[in-house]
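The values are calculated or read from the model by the stated rules, or taken from the named source; none is laboratory data. All values reported here derive from a predicted model rather than from experimental measurement. Positions of Cβ are generated from backbone atoms using ideal geometry, with glycine treated the same way; all protein chains shown enter the neighbour counts. When the accessible area is computed, the model is the full protein with side chains, heavy atoms only, and any ligands, DNA or RNA have been set aside. Shrake-Rupley method; radii C 1.70, N 1.55, O 1.52, S 1.80 Å.
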Amino acid sequence: MKKALFIDRDGTLVIEPPVDYQLDSFHKLEFYPKVFRNLGFIRSKLDFEFVMVTNQDGLGTSSFPEDTFWPVHNLVLKTLEGEGITFDDILIDRSFPEDHVPTRKPGTGMMGKYLTGDYDLANSFVIGDRATDVELAKNMGCKAILLQDNMDILKEKELESYCVLATTDWDKVAEFLFAGERMAEVRRTTKETDIYVSLNLDGSGKCDISTGLGFFDHMLEQIGKHGGIDLTIQVKGDLEVDEHHTIEDTAIALGECIYQALGSKRGIERYGYCLPMDDCLCQVALDFGGRAWLVWDAEFHREKIGEMPTEMFLHFFKSMSDAARMNLNIKAEGQNEHHKIEGIFKALARAMKMAVRRDIYHFEVPSSKGCI
């Protein structure tokens, strides 16, 4: 079945004029950053039809005469065509918002041919910068990509679940469409613990973590926040016995989740590197090369930090590195025990952020062996 990208124009392909929101003169024309390279790549590498879907308020009326619209619009199309970006269909609604006509986004009145069953709408996308674009995706049965830094504008109508990516970077859009999402979830249940972990390696650092150990929660949150990873960890453990099983099994489930989300590892940087935190210097080098190993050079002299036994720090990273099939080399020096372990978790997060970065223009397995 055919798939399509339903692409907004103003605010998506071109910068929307900030005063009157009308692109009606050449001096207002400014293309969205990185749109040429990435849409050209998508057009040449993937099998989506390109459909422009745009509301042009009052086009053809005295407030927006036709002769001010078409010259600029045609230049937009001609310029995009010069970069290999052509549209299979262009749908323009001319109404005002107060007209409430079914052809105006988020209505589907213009989308008739795409709703007949000939298109794989579940694997098609609406790309735009407004909540109405996401609502259009909902109404069509598509997914949405929102060209905004976050999904806050979607909360009023509870549209968040229909949006698979929120970003202002066309590099991220192309990466998502070409290489797919890197999300995983793991449920690990034993007689000692019941653990659920889900993550998105290409998230924004949103965390929902509850292990029953406040300091452990704080450390795990560093991985999400500083690694740009959306991370959910929910743990029910036998804390009435001690903390060991909760910490160890969380590490195993988290490592398995990372391993699954990485998938084939094609295009990733693979390696990651140190950061200071007040009196401490913490270094974490890692390799997602498929071979588990841990080198640990950090000493702690307190028995616990918060409710977390310091002897479990090494055990956590060993269990996680084994489950994620990664090589971890950790070194920390300094006086403050809290700063030292927090610095290690933050350095791990930054190393992971570096190592999981993908380059779709060099989409190869980063190994001379051809697999990792």
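Values as computed for the structure displayed
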{"read-out": "Yes/no for GLY84 being in a loop (DSSP other than H, G, I, E, B) and open to solvent by less than 40 Å² (accessible area, probe 1.4 Å)", "value": "no"}
{"read-out": "Pair list, Cβ < 6 Å and 6+ apart or interchain, from segment 201-217 residues that are surrounded by 15 or more Cβ atoms within 10 Å (Cβ to Cβ) to residues that are small (Gly, Ala, Ser) and assigned to a loop (DSSP other than H, G, I, E, B)", "value": "GLY205/GLY228; PHE215/GLY306"}
{"read-out": "Residue pairs meeting the criteria (Cβ under 9 Å; at least 6 apart or on separate chains; first under 14 Å from HIS27 (Cβ atoms), in segment 66-78; second aromatic (Phe, Trp, Tyr) and assigned to a helix (DSSP H, G or I))", "value": "PRO71/PHE26; VAL72/PHE26; LEU75/PHE26"}
{"read-out": "Cβ pairs under 6 Å, 6+ apart, first in segment 292-314 and closer than 30 Å to ILE372 by Cα and open to solvent by less than 60 Å² (accessible area, probe 1.4 Å), second in a loop (DSSP other than H, G, I, E, B) and not aromatic (Phe, Trp, Tyr)", "value": "ALA292/ARG325"}
{"read-out": "Any hit, segment 267-278, residues being basic (Lys, Arg), open to solvent by 30 Å² or more (accessible area, probe 1.4 Å) and out of contact with any Leu (no Cβ under 7 Å at 6 or more places or on another chain)", "value": "no"}
{"read-out": "Members of segment 180-197 that are surrounded by fewer than 18 Cβ atoms within 10 Å (Cβ to Cβ) and under 14 Å from the mean Cα position of the chain (by Cα)", "value": "GLY180, GLU181, MET183"}
{"read-out": "From the options ILE15, ILE90, residue that is β-branched (Val, Ile, Thr), open to solvent by 30 Å² or more (accessible area, probe 1.4 Å) and within 25 Å of TYR114 (Cα to Cα)", "value": "ILE90"}
{"read-out": "Subset of segment 218-248 [open to solvent by 10 Å² or more (accessible area, probe 1.4 Å), closer than 17 Å to ARG187 by Cα and part of a helix (DSSP H, G or I)]", "value": "HIS245, GLU248"}
